[in-house]
There are 2 protein chains.
Amino acid sequence: MAGTRLQTPPPLARDAMRVTPLGGLGDIGRNMTVVEHHGQLLIVDCGVLFPEDDHPGVDLILPGFGAIADRLDDVVGLVLTHGHEDHIGAVPYLLKQRPDIPLIGSRLTLALLREKFKEHRLRNTVELVVSDGEQTQVGAFDLEFVAVNHSIPDALAVAISTEAGRILHTGDFKMDQLPLDGRLTDLRAFARLGEAGVDLFLVDSTNAEVPGFTTPERDIAPALDRVFDRSKQRVIVACFASHVHRVQQVLDSAVAHGRKVVYVGRSMVRNMGVARDLGYLKVPANTLIEMRDIEKFQPQDVVIVCTGSQGEPMSALSRMAASEHPVIDLKPNDTVVLASSLIPGNENSVYRVINGLTRLGAKVVHKGNALVHVSGHASAGELLYCYNIVKPRNVMPVHGEARHLVANADLAVQTGVPRKRTILAEDGTVVDLHRGKASVVGKVDAAYIFVDGATVGDISEAALTDRRILGEEGFVSIVAVVDTRTGKVVSGPDIHARGFVEGDTVFDPVRPQIVTALEAALADGTDDTYQLQQVIRRRMGRWVNDTLRRRPMIVPVVIQT
Amino acid sequence: MAGTRLQTPPPLARDAMRVTPLGGLGDIGRNMTVVEHHGQLLIVDCGVLFPEDDHPGVDLILPGFGAIADRLDDVVGLVLTHGHEDHIGAVPYLLKQRPDIPLIGSRLTLALLREKFKEHRLRNTVELVVSDGEQTQVGAFDLEFVAVNHSIPDALAVAISTEAGRILHTGDFKMDQLPLDGRLTDLRAFARLGEAGVDLFLVDSTNAEVPGFTTPERDIAPALDRVFDRSKQRVIVACFASHVHRVQQVLDSAVAHGRKVVYVGRSMVRNMGVARDLGYLKVPANTLIEMRDIEKFQPQDVVIVCTGSQGEPMSALSRMAASEHPVIDLKPNDTVVLASSLIPGNENSVYRVINGLTRLGAKVVHKGNALVHVSGHASAGELLYCYNIVKPRNVMPVHGEARHLVANADLAVQTGVPRKRTILAEDGTVVDLHRGKASVVGKVDAAYIFVDGATVGDISEAALTDRRILGEEGFVSIVAVVDTRTGKVVSGPDIHARGFVEGDTVFDPVRPQIVTALEAALADGTDDTYQLQQVIRRRMGRWVNDTLRRRPMIVPVVIQT
């Protein structure tokens, strides 16, 4: 892979284009790519990464904006390929730095973004709605949008052309050949662009390790129908709140079985409202009911469509599994369908929900025991088709962890792309496309930016390291008041411990040791508060380690009277 | 499932047996079952549970010993079905309470346990080595041991008979029909016991949700051979340190390809030494080399067999992936094989290792892309065979989370066991076998016991809740010295925050607010330290929430002069 050391790139040649990923190459999330030509910047996507256990307490992780902080005025547009959080979730944070960046995307994508702006109280944004096949010029860039099929409607790939060459960015995609809405990934456009010449191909790597072909979305209908056929009670289906086609299938099966549908979960209600208003979701009349009316219907006449498929603790489904939902009370033999993926890292939460539902007597149907989910990303077989149709001069895998990017590069090589024309970049790697060749020319800082409560970028890795220590070991604080004139400890040590062995008496043996150590230091003439605190830290640290074999954070406070 | 409320069971009838699981029903781990008859207790297994992210900082979780704390003198024996940590890992902790409990197990199981005792400095234990088919009497219990096949050699099922009936406990097992060592699960014994009458069948549930049959261990040989055939450099194989047969296959393939083998990782070296000494592992002469000699051989002449297959941070493999191993330096095109399962909850750690190895240019072979692992547990198809061969009167699924236990019970019902004779118990559920019928008669406390550093059972759920808060939010401590006579704050507030926004100035706005609030309280006559601390807590809590939208732990300390 490209080196990890920072290295300032050289000035960009007039006849070159520069591509710098600021997120999404190394993680599944926070996708953002900056394309530069003639001093202008075009951004593709601006998403969030949801933190895992190595970033405790962090709400969101943003792309490495910092790299373009002093060049925001050069940005001529921000293309949003589709409406998923990992592609649009960070837009409000970028727009807080420059509100009038032109936003370019499909109708549904921009509609979902607008809902997000309401939460962030952002207004008066500049928008350009584009649709399948449309061409437009944005600054120095000629753009062409290509329909792609994904797990949300209205997703687009984008071709970016300048005199320096043509880049084709797939966005997130798969190649379902019988999609529910009939909107195929436009391989004819891919072919035409390939004929004209694609100099650099940026390709979704998520499923590059998965052999074969992604199962069509419509193939889950039989499993859903089977659930409805067998259930004599309530059916609850959890899925992603943006998966319009999945919800469409649940609606269709519900209607066919004479059931009403109720949405539960704020984002589900909101997104399905948007999708219906724009015509992406077809809802037959008299299908939907409100949650408050649910008790007016027999259990076998209702389907609940809810959020929480990843075991999110505060979600509707988790609360049902813990018998804590204010309205919905699960009964034995109710059926719960998790019509969703299991994102790595969420296993414990999801299995906790499944075990909770099982204890309540519910039947749980999930992708482990029925075909109730298919992926939204192209598998290896589909990626091979793409490479063979586009025949790109250079390839740069995007959207994946290191293992995915490497697997995707190997696929490109198998179709005949030379290994040295296959760029394994990471976040911050600067790649120049110059005279038909892409090559790594530098590396900029694309570090994580943490959203933590109301603060953005104020939490450092050091604070997270502290959280990890606190979360594993707890802390002990020791407060002592000393009189440097008499050389005595006049109050304390007051010892408070949390996340640690309980009971006030546990520290009785160490108190006199601390007093002795402090007074010895005072007798030696030590009167610096920091140094006296270090005396406490050392004494307590050693005692806790020797006695309890733990290494809590030690917080000494010395007050001089 | 059986209720979760505690309920004292009635006295046990003379012609009844009582079965109480104190661990392993609700988790994969800390397996322990107590069988009682005529006032005597026989224990089956005594293992640990490895904590996950909901038990931060905890080293190990023990079974609910507390339920038999005052009856340890009634224990006539402890049967260990096999040598895995989740079956033997808690024995030292139980023996610290009564060192002379007779330990009953196979040769390898007791040998591995003896190694564990050395670490715990336990001596003079009482042992009874048993072997396949052996019958013995232990107090009021007639025991018969039955060979079973599992992912460690020398595993046993146990039949426990008294005048009240016969219990058959499978331990952990699968039914590999072509095992490497030729030692089959003894279905003829299962059949004979079934003919004689099995009143209660305790059955491993781990893979009850998995349809079909577990692939034979020997079927991974081609994938290993393929790795050795293709590699022109070093090969590293990570697997569980107790998986003797897996290591045997690596050794066999290594020898066939003219490579030397080096063990890396303390538990790997120790266990393979024990297994070889006892004849369970066949090591051809001149095969093993020491790690210190590794540089004397060409990379293509060496195989490293190491620990760390679950991404454990301090393991040999994790350190190689981070380029931090003191001896072994991975090179591009080295091959790393993860010949192991991926235990739920470990995904992030394992993928972190795979991504690290990938970045170094290594080829990573794992169960996701090659057949380099098979499970140690019987799948649904095998369990059906068992039920049909044994034809038990009553069934109690063991060894699993709720979802596994329910799936296993469903399999029993499909073979004709009546639903009401299928007991869905949890840890602590008391089940009596009386006149051929098993039924739930009570529920005892089988709560987790946490090993935390040198302490056992001293860490409470409350302390863990504190750790979770600290780990997510950090803390703010505020120290103020007050003079109740003058009603003034004479020193402070000193504010220290960790795991939180950095910088001393962030708290400047709240300091005067705290002084004002404290002095107002003092003016109102409040002179109780606790109440003054509450004044600080409320003021700081509100300020942090309003300003930073966080909820750190707040630790106020008031010192009166």
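The values are calculated or read from the model by the stated rules, or taken from the named source; none is laboratory data. Every value quoted in this text rests on a predicted model; they were computed, and no experiment measured them. Counting neighbours? That spans all protein chains shown, and the Cβs are built from the backbone with ideal geometry, glycine included.
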Picked from the stretch B:429-442 (must be surrounded by fewer than 20 Cβ atoms within 10 Å (Cβ to Cβ) and in a strand (DSSP E or B)), the residue nearest to the other protein chains (Cβ to nearest Cβ) is B:Val440
Is one or more of the residues making up the stretch A:230-238 surrounded by fewer than 19 Cβ atoms within 10 Å (Cβ to Cβ), over 29 Å from A:Arg107 (Cα atoms) and touching a Ser or Thr at 6+ places or on another chain (Cβ under 9 Å)? yes
Odd one out for A:Val35 among (1) in a strand (DSSP E or B); (2) surrounded by fewer than 24 Cβ atoms within 10 Å (Cβ to Cβ): (2)
Criterion: free of Cβ contacts under 8 Å to residues at least 40 places away in the same chain, under 20 Å from B:Ile559 (Cβ atoms) and crowded, with 21+ Cβ neighbours inside 10 Å - qualifying residue of A:Ile559, A:Ile514, A:Ile536, A:Ile478: A:Ile514
Please specify each residue of the stretch A:539-556 satisfying the condition of being within 10 Å of chain B (Cβ to nearest Cβ) and touching a residue at least 12 places away in the same chain (Cβ under 8 Å). A:Val544, A:Thr547, A:Leu548, A:Arg550, A:Arg551, A:Pro552, A:Met553, A:Val555, A:Pro556
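Per-residue answers, yes or no, for (1) modelled with pLDDT of 95 or more; (2) of a type in the set (Phe, Trp, Tyr); (3) farther than 20 Å from A:His245 by Cα:
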residue	(1), (2), (3)
A:Val58	no, no, yes
A:Gly66	no, no, yes
A:Leu72	yes, no, yes
A:Gly105	yes, no, no
A:Leu113	yes, no, no
A:Asn124	no, no, yes
A:Ile152	yes, no, no
State all residues of the stretch A:86-96 that are in contact with a Phe, Trp or Tyr (Cβ under 9 Å, 6 or more places away or on another chain), over 12 Å from A:Met32 (Cα atoms) and not aromatic (Phe, Trp, Tyr); if no residue qualifies, say none. A:Pro92, A:Leu95
For B:Gln310, the lone unmet condition from (1) touching a strand residue (DSSP E or B) at 6+ places or on another chain (Cβ under 7 Å); (2) assigned to a loop (DSSP other than H, G, I, E, B); (3) crowded, with 20+ Cβ neighbours inside 10 Å; (4) not basic (Lys, Arg) is (1)
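Per-residue answers, yes or no, for (1) under 28 Å from A:His243 (Cα atoms); (2) out of contact with any helix residue (DSSP H, G or I) (no Cβ under 7 Å at 6 or more places or on another chain); (3) in contact (Cβ under 8 Å) with a residue 12 or more places away in the chain:
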| residue | (1), (2), (3) |
| --- | --- |
| A:Glu134 | yes, yes, no |
| A:Val138 | no, yes, yes |
| A:Ala147 | yes, yes, yes |
| A:Leu156 | yes, yes, yes |
| A:Ser161 | no, yes, yes |
| A:Phe190 | yes, no, yes |
| A:Asp204 | yes, yes, yes |
B:Gly381 passes all but one of the listed conditions (1) crowded, with 21+ Cβ neighbours inside 10 Å; (2) touching a residue at least 60 places away in the same chain (Cβ under 8 Å); (3) more than 29 Å from B:His37 (Cβ to Cβ); the exception is number (1)
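Residue-wise test of (1) under 30 Å from A:Leu357 (Cβ atoms); (2) among the hydrophobic types (A, V, I, L, M, F, W, C); (3) assigned to a helix (DSSP H, G or I).
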| site | (1), (2), (3) |
| --- | --- |
| A:Leu193 | no, yes, yes |
| A:Phe213 | no, yes, no |
| A:Asp225 | yes, no, yes |
| A:Val237 | yes, yes, no |
| A:His245 | yes, no, yes |
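Table: residues versus (1) outside any helix (DSSP H, G or I); (2) over 22 Å from A:Pro222 (Cα atoms).
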| residue | (1), (2) |
| --- | --- |
| A:Asp252 | no, no |
| A:Val255 | no, no |
| A:Gly273 | no, yes |
| A:Leu281 | yes, no |
| A:Gln300 | no, no |
| A:Tyr351 | no, yes |
Please work out which one of (1) more than 11 Å from the chain's Cα centre (by Cα); (2) within 14 Å of another protein chain (Cβ to nearest Cβ); (3) modelled with pLDDT under 95 is the condition B:Leu25 fails and give its number. (3)
Conditions: (1) of a type outside the set (Ser, Thr, Tyr); (2) surrounded by 14 or more Cβ atoms within 10 Å (Cβ to Cβ); (3) closer than 27 Å to B:Asp59 by Cβ. A:Asp546 meets all but one. Number of the miss? (2)
Quick one: which of A:Arg266, A:Arg259 is under 30 Å from the mean Cα position of the chain (by Cα) and either under 19 Å from A:Val336 (Cα atoms) or not aromatic (Phe, Trp, Tyr) (or both)? A:Arg266
Only one of these conditions is not met by B:Ala521: (1) of a type outside the set (D, E, K, R); (2) more than 33 Å from the chain's Cα centre (by Cα); (3) surrounded by 14 or more Cβ atoms within 10 Å (Cβ to Cβ); (4) under 17 Å from A:Asp494 (Cβ atoms). Which number is it? (4)
Filter the stretch A:324-379 for residues that are of a type in the set (Gly, Ala, Ser) and touching a helix residue (DSSP H, G or I) at 6+ places or on another chain (Cβ under 6 Å); the one that is farthest from the other protein chains (Cβ to nearest Cβ) is A:Ala339
So, in the stretch A:447-475, of the ones that are aliphatic (A, V, I, L, M) and away from chain B (no Cβ under 11 Å), which residue ends up farthest from A:Leu22 (Cα to Cα)? A:Val456
Considering residues of the stretch B:165-180 that are surrounded by 24 or more Cβ atoms within 10 Å (Cβ to Cβ) and of a type outside the set (Lys, Arg) only, the residue nearest to B:Ile28 (Cα to Cα): B:Asp172
In the stretch B:440-495, which residues are more than 24 Å from the chain's Cα centre (by Cα) and in the same structural domain as B:Met32 (by TED's automatic domain parsing)? B:Val440, B:Val441, B:Gly442
Checking the conditions here, which among B:Arg14, B:Arg71, B:Arg30 is of a type in the set (Lys, Arg) and crowded, with 22+ Cβ neighbours inside 10 Å? B:Arg30
Verdict on B:Ala221 being of a type outside the set (D, E, K, R), in a helix (DSSP H, G or I) and either in contact with a helix residue (DSSP H, G or I) (Cβ under 8 Å, 6 or more places away or on another chain) or in contact (Cβ under 8 Å) with a residue 60 or more places away in the chain (or both): yes
Is it fair to say B:Ile536 is within 12 Å of chain A (Cβ to nearest Cβ) and either within 19 Å of B:Glu472 (Cα to Cα) or not polar (S, T, N, Q) (or both)? no
Restricting attention to the stretch A:368-422, and to residues there that are polar (S, T, N, Q) and assigned to a helix (DSSP H, G or I), which single residue is nearest to B:Val365 (Cα to Cα)? A:Asn408
Tabulated pairs, the stretch A:50-63, first at the interface with chain B (Cβ under 9 Å from one of its Cβ atoms), second basic (Lys, Arg), C-beta under 6 angstrom, 6+ apart or interchain: A:Pro56/A:Arg467; A:Gly57/A:Arg467
Conditions: (1) of a type outside the set (Ser, Thr, Tyr); (2) within 14 Å of chain A (Cβ to nearest Cβ); (3) without any contact (Cβ under 8 Å) to a residue 12 or more places away in the chain. B:Asp70 meets all but one. Number of the miss? (2)
